[in-house]
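The next block holds one structure in the form of structure tokens; read it before the comments.
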Amino acid sequence: MSASSQSDRITEDLRDDILRGRYRAGDRLPSERELANRFQVQRAPVREALKKLEQLGLADIKPGGVRVCALQTASLDVVEHLLALSDPPDPEIVQMVIEVHSALILLAARLGTQRGTDAQIERCLELLEEFGHPEVDQAHEHESILELSDLLVEASGNLVLSLAHRGIRLQFLENLKGREELLHLPATTRVPMAEALAQALRNRDGKTLSDLLSELATQVGENAVSIIRSQIEPGTQTQSTGTRSS
């Protein structure tokens with residue numbers, strides 16, 4: 001196994017140990033020597049793995065050793081790994097991601113209705129028509145809402161908003177391909193919602209559009225969490241990552 005592959009394996013194991021709570025914030029990680037013995041490698045791949053943990057914001061390398069950082073100080077890249085810790089993913093993490101992403105889209109809706117071009121608004125209306133079709137399949141429904149989110153963010157003209165949206169999109173929404181049922185809504189909810197959203201867009205009414213999207217996000221979040229909880233086997237519980245403040 002190459003040194004790069006060895007460091008990746010060590011990074012993944014230590015990262016998951018931290019995310020699962022084996023090592024808590026402030027804990028000292030084993031020394032390079034101890035980790036080299038544990039993984040049966042030279043110290044160079046261990047050193048590289050620790051640097052990768054530091055880049056993720058999960059560890060702080062000091063002359064006296066390496067200590068674990070609080071998850072709240074980690075980079076956004078950790079979200080993808082939190083979601084991958086279990087199958088199905090932790091419903092609380094899914095709920096958090098949906099909450100944050102919906103907040104971004106609500107801001108994008110307000111700004112996009114003010115700043116968007118006629119062509120962008122027209123394309124949003126086309127996507128809403130597809131999204132609101134009574135017989136749309138789940139995969140197409142998913143793609144329509146993703147593109148609509150992208151367009152609203154683009155129309156906002158806000159670079160920082162665009163970067164934040166892209167980070168969550170790549171780490172969460174893109175990974176839902178094949179699991180579109182998590183974001184699926186029944187036609188009885190989806191069709192009238194699409195019509196109301198379209199009317200707000202035509203009027204360039206950012207407040208109404210944001211209110212409607214907030215309602216939509218709440219329903220999607222509740223639906224996703226309900227589905228995930230139903231998929232968790234009785235008697236098992238997804239391990240808490242300690243991300244919620246007490």
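The values are calculated or read from the model by the stated rules, or taken from the named source; none is laboratory data. Please read all numbers here as calculations on a predicted model, not as lab measurements. Reconstructed Cβ throughout: ideal geometry from the backbone, glycine too, with neighbour counts over all protein chains shown.
A few comments on the model shown:
- Boolean, residue 17 is closer than 17 Å to residue 82 by Cα, surrounded by fewer than 16 Cβ atoms within 10 Å (Cβ to Cβ) and touching a helix residue (DSSP H, G or I) at 6+ places or on another chain (Cβ under 9 Å): no
- Selection within the stretch 147-199 - farther than 21 Å from residue 80 by Cβ, in a helix (DSSP H, G or I) and among the hydrophobic types (A, V, I, L, M, F, W, C): 148, 151, 152, 155, 159, 187, 191, 193, 194, 196, 197, 198
- Residue 82 passes every criterion in (1) within 19 Å of residue 182 (Cβ to Cβ); (2) modelled with pLDDT of 95 or more apart from (2).
- A Cβ distance below 9 Å, combined with a sequence gap of six or more or placement on separate chains, defines the contacts here; from the stretch 78-98, residues that are within 20 Å of residue 13 (Cβ to Cβ) reach residues that are of a type in the set (Asp, Glu) in the pairs 81/12; 81/16; 82/90; 83/90; 84/16; 85/16.
- Complete set of residues in the stretch 37-70 that are buried (at least 18 other Cβ atoms within 10 Å of the Cβ), under 11 Å from residue 11 (Cβ atoms) and in contact with a strand residue (DSSP E or B) (Cβ under 8 Å, 6 or more places away or on another chain): 50, 53, 58, 59
- Scanning the stretch 110-125 for residues that are outside any helix (DSSP H, G or I) and among the small types (Gly, Ala, Ser) gives a single hit, 116.
- Output for the stretch 159-169, where each listed residue is more than 23 Å from residue 126 (Cα to Cα) and touching a residue at least 24 places away in the same chain (Cβ under 8 Å): 161, 164, 167, 168
- Residue match in the stretch 99-109 (condition: at pLDDT 95 or above, over 16 Å from the mean Cα position of the chain (by Cα), surrounded by 14 or more Cβ atoms within 10 Å (Cβ to Cβ) and assigned to a loop (DSSP other than H, G, I, E, B)): no
- Number of the condition not met by residue 203 [criteria: (1) over 22 Å from residue 142 (Cα atoms); (2) surrounded by 14 or more Cβ atoms within 10 Å (Cβ to Cβ); (3) modelled with pLDDT of 95 or more]: (2)
- Just so you know, in the stretch 162-196 the residues that are among the polar types (S, T, N, Q) and either at pLDDT below 80 or not assigned by TED's automatic domain parsing to the domain that holds residue 149 (or both) include one that is surrounded by the fewest Cβ atoms within 10 Å (Cβ to Cβ), and it is 175.
- Just one of the numbered conditions (1) in contact with a Lys or Arg (Cβ under 6 Å, 6 or more places away or on another chain); (2) charged (D, E, K, R); (3) in a helix (DSSP H, G or I) is not true of residue 13: (1).
- Hey, residue 87 within 16 Å of residue 167 (Cα to Cα) and among the acidic types (Asp, Glu) or not: no
- Those residues of the stretch 20-59 which are closer than 20 Å to residue 84 by Cα and not in a helix (DSSP H, G or I), in sequence order: 20, 21, 22, 23, 24, 56, 57, 58, 59
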